[in-house]
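Worksheet for the structure shown next.
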Amino acid sequence: MLADALGRPFRFIVTAGQVGDITQAPALLDGQSGDAVLADKAYDSNALRAIIAGIGATAVIPSNRTRRIVIPHDADAYKQRNRIERCFYRLKHFRRFATRYDRRTANFTGFIHLAAAMIWMQ
C-alpha cells in the first residue's frame with residue numbers, strides 16, 4: 001500500500017499472502033512524485049533505491065542488516081513512517097478488512113476501495 005503524507009491510503013495492490021511486499025513497490029511508485037519515500041528495512045534494495053531516485057525523491061530507508069556498506073538515512077524523517085502503520089490501523093477498524101471475509105480478490109479489492117473512500121471523507 002502507498003499512503004500520502006497524512007496517512008491516507010493512496011494506492012494499493014492485493015497480492016497472495018506469501019508474496020513479498022517489495023515486489024509490488026515499483027508498480028506502486030509508478031507515476032508518483034514527491035520529496036521522499038519512507039519505507040522499512042524490508043524495502044532496502046538497490047533496484048528500489050534507483051527507482052526512487054528516478055522519480056526525484058529521497059529514499060528514507062534504513063539499511064538491511066545484511067548490507068555490507070551501510071547507507072545512511074534521515075532518522076528524523078524516518079519517524080514519519082508510522083503514518084502507513086496508522087493507515088493500516090484505520091483500515092483494520094473495518095471488520096471485513098481485518099478478517100478478510102471476502103475470498104475473491106475482486107470482492108476484497110472492491111471493499112478496500114470503499115474503506116479507503118470512507119477514510120478520505122473523514
- Query: What's the FRET efficiency of Arg83 with Arg103 using the Cβ-Cβ distance as r and R₀ = 22 Å, to the nearest 0.05?
  - Reply: 0.15
- Task: Could you go through segment 108-117 in sequence order and give the Karplus-derived ³J(HN,Hα) for each residue, using 6.51 cos²θ - 1.76 cosθ + 1.60 with θ = phi - 60°, rounded to whole Hz, and x for Gly and Pro?
- Result: 5, 5, x, 5, 4, 4, 5, 5, 5, 5
- Note on the structure: Ranked by GNM mean-square fluctuation in the chain (Cα springs under 10 Å), the top entry among Asn82, Asn107, Asn64 is Asn107
- Can you run phi through the Karplus equation (6.51, -1.76, 1.60; θ = phi - 60°) for segment 78-92 and list ³J(HN,Hα) in whole Hz, with x for Gly and Pro? 5, 5, 7, 5, 5, 5, 5, 5, 5, 5, 4, 4, 5, 5, 6
- Query: Over the Cα atoms of the chain, how large are the radius of gyration and the largest Cα-Cα distance (Dmax), in Å?
  - Reply: 15.3, 45
- What ranking do 86-92, 15-21, 57-63 get when scored by the average of other Cβ atoms within 10 Å per residue, highest first? 57-63, 86-92, 15-21
- Message: With +1 assigned to the C-beta of every Lys and Arg and -1 to the C-beta of every Asp and Glu, and no other charges, what is the dipole magnitude of the chain about the Cα centre in debye, to the nearest 20?
- Response: 520
- Message: Given points 7 Å out from each Cα along the Cα-Cβ axis, report the Arg95 to Asp30 separation in nanometres with one decimal.
- Response: 3.7
- If amide H atoms are built 1.01 Å from N in the plane of the peptide, which residues on other chains or at least 5 residues away come under 5 Å of the amide H of Leu2? Phe10, Arg11, Phe12
- Task: Select from Ala98, Trp120, Ala47 the residue farthest towards the positive end of the dipole of the chain; place +1 on Cβ of Lys and Arg, -1 on Cβ of Asp and Glu, and compute about the Cα centre.
- Result: Ala98
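Just so you know, all these numbers are worked out from the coordinates, no wet-lab data involved. Since this is a predicted model, take the numbers as computed values, not measurements. Cβ coordinates were reconstructed from backbone atoms using ideal geometry, including for glycine residues, and neighbour counts include every protein chain displayed.
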